[in-house]
Structure formats: C-alpha cells, structure tokens
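To start, the structure under review is shown below, and the notes come after it.
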Amino acid sequence: MTTTQESPTAAGSGASASKSFKATTATADVADTPPERVAAIVTDVLQGVHDAITKHDVTYPEFQAAKAWLMDVGEGGEWPLFMDVFVEHAVEEQVAKSQSGTKGSILGPYYLSDQVKLPSTCTLPRRDDELGTPLVLEGQVRDTSGKPLGGAEVDIWHADSDGYYSGFAPHVPDGNLRGVVVTDEEGRFEISTIQPAPYQIPTDGPTGQLIGAAGWHPWRPAHLHIQVRAGGHRSVTTQLYFAGGDYLDSDVAEATKPELVLDPQDDGTGTRRSSYDFELEPSKG
Ligand code: MBD
Ligand code: FE
C-alpha cells in the first residue's frame, strides 16, 4: 500500500460544512424575525413533536435515544447536512411560490463562494486523471422577457464520479469541479466537465445512522448545482438532474422537479451534451 490519501469521513465533511456555513451566513442578522412570529413558528414545531409523541406512544428510552442522537448530530457537524436533506426543500418550495423564471431547488450544504472565474466557454477545474464520462452543458441566460443577459454568472459545483465534493472530502483538491462561469454578450455559456455520480449521505455519521434505523435509502440522484446571478435580477439557485438516472424518483432530499431533468446525448465522440437555458426575473424595488 502506497496510498497516503485520507479517506472521507462523515465527521470530516460535517466539520467542513459547518465551518463554511458559519463563515458565509449571518443567520441572526438576516432573519430579523419579530418575537410574535418566533413564538408562533416554534409553538407549531413543538406541537408537531408533542403530537408525534402522543400518536406513537413514545417511550423514555426512545426520548433519551433521540436526545443522544441530536447531540451526535451537533458534535459530528451534521446540522447543515441534516437540515438541507430533510428540511430545506420545504423552504425552497414555499419561496418558489413567489418566483417566476427558472425553477429553483435547494442549495445544499456543499456550496463554496468565491470560486475561480471562467470565460463563457470553459472546462471546470479537474484533476489530470479525473474519471467520468465527459459532459458538456451549454445554454443561455435571459431575463423573463427573453432579453439575453451578458456578463451573468453561472456558479456551478458538483460531485465527482465517486460522488465526492471538493472542500468536503480530503482526497479531492480544493476547487475541483467548481467554477463561476461568466456568460458572453449573448448570455451564452458552454461548460465542459464530467458526469457526476449519485451522492450518498455518509453512512458513518448520525444522519446516515438515522436513515439506516428508519430503513430508508441514503441516496440523492446525480446532479449539478447551479446558482445564476445577474445584476438587477433575482438569483436562481437550482440543480439539474439526468433522465434515467438512479434515485431520480426517490431523492432522499426531495429536491427534484420535472423541469430540472436533462437528457444529455452522446455527440458521437463519447461526450454527452445537453442544453439548458436559465431565466431570471427582475429584482424588486
Ligand atoms: C448534497 O450533495 C446535496 O446536494 C444536498 C442537498 C444534501 C446533501 C448532499
Ligand atoms: Fe449536491
């Protein structure tokens, strides 16, 4: 054995996700929720917990096991993972009710800001020996009236062909398969990368333990994360999936939408190509 690579652990990716969340999100300042609203929301959340206890005749050992598990989630840094897998989709769906243009989806725990800026036709940073079927995503960014948005940013990040994200798995170099692609004057982009694998929630951490204990499966379908930004427009955070891929109809994070499924075709050289256009609505105010 000559390998010196550290293997990815749930605790490692949990620590990275917690650190990145705290570094980029000033939660208390942003929410600014008045006391009556805090009380109303928290009362209903707790009522839901109390109702489940009554309905299922929950025992003391089960209550104490839940407490121990909650402590493990915190100690393992898995709150970002747990919240984004099991809760974020409901928030996203609620927000989407007032958003037109391209359908959104959840951000997830593995976004990193300030990645390398790339020209409209580009290849995402990758290892010399990066595995995976070549994939090209091309398209155009427009506003909701059809006007092309030149200079828009298509911020893209995705897992490798083993399902690991750079920044959250020690054997993947920083910045791998991440980039901020700037559209040309016609709003167009053409991004070369590789086909990501489905993502498995780490089975060696508390979130995976819960999933196992419930008899669920720990998989998300293969996906590209994309956030599109343009001055004067409401940003879209979304994900693109692949027709025929595993877990498309049983995403553990419930974040798929039919409008977000690509059907890439082999161009005859072994590269799979797909087209997707993004539409941003003007920002209010
Ligand atoms: C992911 O890759 C992801 O996109 C989400 C939403 C949750 C966990 C892992
Ligand atoms: Fe993801």
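The values are calculated or read from the model by the stated rules, or taken from the named source; none is laboratory data. Computed from a prediction, not measured in an experiment: that's the story for all the values here. Cβ atoms come from the backbone with ideal geometry, glycine included; neighbour counts cover every protein chain shown. Quick note on the areas: whole protein, heavy atoms, side chains included, nothing else; ligands and nucleic acids left out. Shrake-Rupley method; radii C 1.70, N 1.55, O 1.52, S 1.80 Å.
Tabulated data for the structure shown
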quantity: Exposed GluC sites (Glu not before Pro) absent: longest stretch of the chain, with sites in DSSP loops and at most 10 other Cβ within 10 Å deemed exposed; calculated: 7-184
quantity: Cβ-derived FRET efficiency at R0 45 Å, Ser192 paired with Ala31, nearest 0.05; calculated: 0.70
quantity: Accessible-area ranking of Val45, Val228, largest first, probe 1.4 Å; calculated: Val45, Val228
quantity: C-alpha long axis of helix 60-75 to longest principal axis of the chain, angle in °; calculated: 40 degrees
quantity: Residues in segment 144-186 that a label on Lys19 would reach, taking backbone N under 17 Å of a point 7 Å out along Cα→Cβ; calculated: 165-176
quantity: Largest-first ordering by accessible area, 1.4 Å probe, given options Lys97, Lys257; calculated: Lys97, Lys257
quantity: For Arg273, distant residues with modelled amide H under 5 Å away; calculated: Val136, Gln265, Asp266, Asp267
quantity: Environment charge of Val95, counting only residues whose C-beta is closer than 12 Å and scoring Lys/Arg +1, Asp/Glu -1; calculated: 0
quantity: Computed E for Thr9/Trp69 - FRET, C-beta separation, R0 30 angstrom, nearest 0.05; calculated: 0.95
quantity: R0 of 22 Å, Cβ-Cβ distance Glu138-Glu185: FRET efficiency to nearest 0.05; calculated: 0.90
quantity: Proximal lysine pairs, the chain, alpha carbons under 21 Å, eight or more residues apart or interchain; calculated: 7
quantity: Å² per residue, accessible surface of the chain at 1.4 Å; calculated: 54 Å²
quantity: Using alpha-carbon coordinates, inclination of helix 35-56 to the longest axis of the chain, degrees; calculated: 70 degrees
